[in-house]
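Chemist: Here it is, the structure in full.
The values are calculated or read from the model by the stated rules, or taken from the named source; none is laboratory data. Computed from a predicted structure; not experimentally measured. With ideal geometry, Cβ positions are generated from the backbone for all residues, glycine too; neighbour counts draw on all protein chains shown.
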Amino acid sequence: MGAILQVKDLEVSFYTYIGEVHAVRGVDFSLEKGETLAIVGESGSGKSVTSKSIMGLLARSARIKQGEIRFEDKDLAALPERQMQAIRGSEIAMIFQDPMTSLNPTLTVGKQIIEVLQKHRKLGKRDAVQRVIELLALVGIPNPDKRMKQYPHQLSGGMRQRIVIAMALACDPKVLIADEPTTALDVTIQSQILDLMRRVQSETGTSIILITHDLGVVANMADRVAIMYGGKIVETGTVEEVFYKSRHPYTWGLLASMPKLHEKSDELLSIPGTPPDMMDPPKGCPFAARCSYAMEVCFAHMPVQTEHSSTHRAACWLQDPRSPQVARPASAGG
Ligand code: SF4
Ligand code: MG
């Protein structure tokens, strides 16, 4: 084992006509070879912006202000677009929520996968067709030689997401980033796609970053979890640590609001209050305004990461041995 990808102190902002939006504010994590890391958070937490930074797909209005994205011997945060193009879709591939946004409606699905193969692998036509058939079989599409001649609209939503996965896997990526890969699908298809991703991972050994708001999916898929809130990772640990030994009140809220089995939800619900304004993020804990455990120190000082095991960290004053000193006003003395 060893890290295939390391994100260090990443800061990303959007520049809008009304001001700077601090979308990602100092994010650190690593992705080990062959593992699935889930990044969990509400919309606006910075999870998608983090994944787009890795892919070099940030909007024009966004800028990486600080930090590194280490992939092998390269820093993707500083890589020119030209070199990024050689990596994107080949070494690092992405699966988006809605398969229709990644598929071209005017080309047969076979042609689209062949295009990817020809761009990155310089395969001849015959080898490329052979590879497409293999890939469609890998993602569980029956009669691949017939299916490859069909257009996206001739396939069901579940089939289309399988095609998108086949396309992402075309060049044997070392890292696969899946942003809400099953959110647009109904529950039965959702579990088939998750099964497929697990199987593909065990067959190909690819490392996966799974972006999701759905803790049910996390429990099913992930080895480790990073919980994001207000542009920061507030807790990270193994699935077991985060589900059973969580140290962060925001995680507690997420776990409490988990929809019941087989119930589908589009967003994380029922933690009262709203996320922080990322144009003017709080100087203390981003969750303080919604946290029922908030103390004075929480509003004044940003909590720092506390280690609870070699794999488990949380940023919360509640269980940080340093907090009493910070909480005490300076005038109180020794
Ligand atoms: Fe709540 Fe304070 Fe912990 Fe933030 S640092 S989660 S406000 S207890
Ligand atoms: Mg998103």
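Chemist: Looking for something closer than 29 Å to Pro321 by Cβ and either more than 16 Å from ligand 1 (Cβ to nearest atom) or without any contact (Cβ under 8 Å) to a residue 60 or more places away in the chain (or both) - is there at least one such residue anywhere in the stretch 197-209? Talk me through it step by step, then tell me what you get.
Modeler: Applying the first criterion (closer than 29 Å to Pro321 by Cβ) to the stretch 197-209 yields none.
The answer is no; no qualifying residue exists.
Chemist: Does the stretch 9-19 include one or more residues that are within 29 Å of Asp214 (Cβ to Cβ), of a type in the set (D, E, K, R) and touching a residue at least 40 places away in the same chain (Cβ under 8 Å)?
Modeler: Yes, the stretch 9-19 contains a residue that is within 29 Å of Asp214 (Cβ to Cβ), of a type in the set (D, E, K, R) and touching a residue at least 40 places away in the same chain (Cβ under 8 Å).
This table checks each residue for (1) within 16 Å of ligand 2 (Cβ to nearest atom); (2) in contact with a helix residue (DSSP H, G or I) (Cβ under 8 Å, 6 or more places away or on another chain); (3) modelled with pLDDT under 95; (4) not aromatic (Phe, Trp, Tyr).
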residue: Ala38; (1), (2), (3), (4): yes, yes, no, yes
residue: Gly41; (1), (2), (3), (4): yes, yes, yes, yes
residue: Thr50; (1), (2), (3), (4): yes, no, no, yes
residue: Ile54; (1), (2), (3), (4): yes, yes, no, yes
residue: Arg63; (1), (2), (3), (4): no, no, no, yes
residue: Gly67; (1), (2), (3), (4): no, yes, no, yes
residue: Asp73; (1), (2), (3), (4): no, no, yes, yes
residue: Leu76; (1), (2), (3), (4): no, yes, no, yes
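Chemist: Return yes or no: is Ala222 of a type in the set (Gly, Ala, Ser) and modelled with pLDDT of 95 or more? First the steps, then the outcome.
Modeler: Values: of a type in the set (Gly, Ala, Ser): yes; modelled with pLDDT of 95 or more: yes.
Yes, satisfied.
Chemist: Also, quick follow-up: Restricting to the stretch 77-100, what's the tally of residues that are closer than 21 Å to Val132 by Cβ and either part of a helix (DSSP H, G or I) or among the aromatic types (Phe, Trp, Tyr) (or both)?
Modeler: Within the stretch 77-100, residues that are closer than 21 Å to Val132 by Cβ and either part of a helix (DSSP H, G or I) or among the aromatic types (Phe, Trp, Tyr) (or both) number 3.
Chemist: Would you check if there is a residue in the stretch 106-122 being out of contact with any Ser or Thr (no Cβ under 8 Å at 6 or more places or on another chain), of a type in the set (A, V, I, L, M) and under 30 Å from Tyr250 (Cβ atoms)?
Modeler: no
Chemist: Also, quick follow-up: Hey, can you tell me all the residues within the stretch 138-152 that are loosely packed, with under 14 Cβ neighbours inside 10 Å and assigned to a helix (DSSP H, G or I)? Step through it out loud before you land on a result.
Modeler: Residues of the stretch 138-152 loosely packed, with under 14 Cβ neighbours inside 10 Å: 142-143, 145-146, 149.
Result: Asp145, Lys146.
Chemist: Residues that are under 24 Å from Gly205 (Cβ atoms), at pLDDT below 95, more than 16 Å from ligand 1 (Cβ to nearest atom) and not aliphatic (A, V, I, L, M): does the stretch 81-89 have at least one?
Modeler: The answer is yes, given that some residue of the stretch 81-89 is under 24 Å from Gly205 (Cβ atoms), at pLDDT below 95, more than 16 Å from ligand 1 (Cβ to nearest atom) and not aliphatic (A, V, I, L, M).
Chemist: Within the stretch 67-106, which residues are within 18 Å of Leu176 (Cα to Cα), touching an Asp or Glu at 6+ places or on another chain (Cβ under 6 Å) and of a type in the set (D, E, K, R)?
Modeler: Once the filter is applied, which keeps residues that are within 18 Å of Leu176 (Cα to Cα), touching an Asp or Glu at 6+ places or on another chain (Cβ under 6 Å) and of a type in the set (D, E, K, R), the stretch 67-106 yields only Asp75.
Chemist: List pairs: first residue in the stretch 169-195 and of a type in the set (Lys, Arg), second residue surrounded by 23 or more Cβ atoms within 10 Å (Cβ to Cβ) anywhere in the structure, Cβ distance under 6 angstrom, at least six positions apart or on different chains.
Modeler: Final answer for the pair search is none.
Chemist: Does the stretch 90-104 hold any residues that are under 16 Å from the mean Cα position of the chain (by Cα) and within 21 Å of Ser207 (Cα to Cα), and which are they? Reasoning before the result, please.
Modeler: Taking the stretch 90-104 as the starting set, the residues that turn out to be under 16 Å from the mean Cα position of the chain (by Cα) are 92-98.
Within the stretch 90-104, Ile92, Ala93, Met94, Ile95, Phe96, Gln97 meet the criteria.
Chemist: Give the stretch 213-247 a look and list any residue that's over 23 Å from Glu11 (Cβ atoms) and among the β-branched types (Val, Ile, Thr), or say none.
Modeler: Within the stretch 213-247, Val217, Val218, Thr238, Val239, Val242 meet the criteria.
Chemist: Would you be able to say whether some residue in the stretch 23-30 is part of a strand (DSSP E or B), of a type in the set (S, T, N, Q) and closer than 29 Å to Glu203 by Cα? Please lay out each step first, then the result.
Modeler: Taking the stretch 23-30 first, the residues part of a strand (DSSP E or B) are 23-30.
Applying the additional criterion that residues be of a type in the set (S, T, N, Q) yields 30.
Then drop every residue that is not closer than 29 Å to Glu203 by Cα, which leaves 30.
Yes.
Chemist: Mind checking which residues of the stretch 283-327 are part of a loop (DSSP other than H, G, I, E, B), of a type outside the set (Phe, Trp, Tyr) and in contact (Cβ under 8 Å) with a residue 40 or more places away in the chain? Steps first, answer last, please.
Modeler: First pass over the stretch 283-327, keeping only residues part of a loop (DSSP other than H, G, I, E, B): 283-287, 291-295, 301-304, 308-312, 316, 320-322.
Remaining after also requiring of a type outside the set (Phe, Trp, Tyr): 283-286, 291-292, 294-295, 301-304, 308-312, 316, 320-322.
Scanning the stretch 283-327 gives Pro286, Cys291, Ser292, His308, Ser309, Thr311, His312, Cys316.
Chemist: Take the residues in the stretch 31-71 that are part of a loop (DSSP other than H, G, I, E, B) and of a type in the set (A, V, I, L, M, F, W, C); name whichever of them is farthest from Lys283 (Cα to Cα).
Modeler: Residues of the stretch 31-71 part of a loop (DSSP other than H, G, I, E, B): 33-35, 41-46, 56-61.
Checking the rest, the ones that are also of a type in the set (A, V, I, L, M, F, W, C) come to 57-59.
Working: Leu57: 29, Leu58: 25, Ala59: 26 Å.
So, considering only residues that are part of a loop (DSSP other than H, G, I, E, B) and of a type in the set (A, V, I, L, M, F, W, C), the one farthest from Lys283 (Cα to Cα) is Leu57.
Chemist: Let me confirm something: among Gly230, Gly205, which residue is in contact with a Gly (Cβ under 8 Å, 6 or more places away or on another chain) and either surrounded by 23 or more Cβ atoms within 10 Å (Cβ to Cβ) or under 20 Å from Arg290 (Cα atoms) (or both)?
Modeler: On the way: Gly205 fails: either surrounded by 23 or more Cβ atoms within 10 Å (Cβ to Cβ) or under 20 Å from Arg290 (Cα atoms) (or both).
So the residue among Gly230, Gly205 that is in contact with a Gly (Cβ under 8 Å, 6 or more places away or on another chain) and either surrounded by 23 or more Cβ atoms within 10 Å (Cβ to Cβ) or under 20 Å from Arg290 (Cα atoms) (or both) is Gly230.
Chemist: Tell me yes or no: at least one residue of the stretch 179-187 is among the acidic types (Asp, Glu), within 16 Å of ligand 2 (Cβ to nearest atom) and closer than 23 Å to Gly46 by Cα.
Modeler: Residues of the stretch 179-187 among the acidic types (Asp, Glu): 179-180, 186.
After this cut, where a residue has to be within 16 Å of ligand 2 (Cβ to nearest atom) as well, the list is 179-180.
Remaining after also requiring closer than 23 Å to Gly46 by Cα: 179-180.
Yes, there is a match, as at least one residue in the stretch 179-187 is among the acidic types (Asp, Glu), within 16 Å of ligand 2 (Cβ to nearest atom) and closer than 23 Å to Gly46 by Cα.
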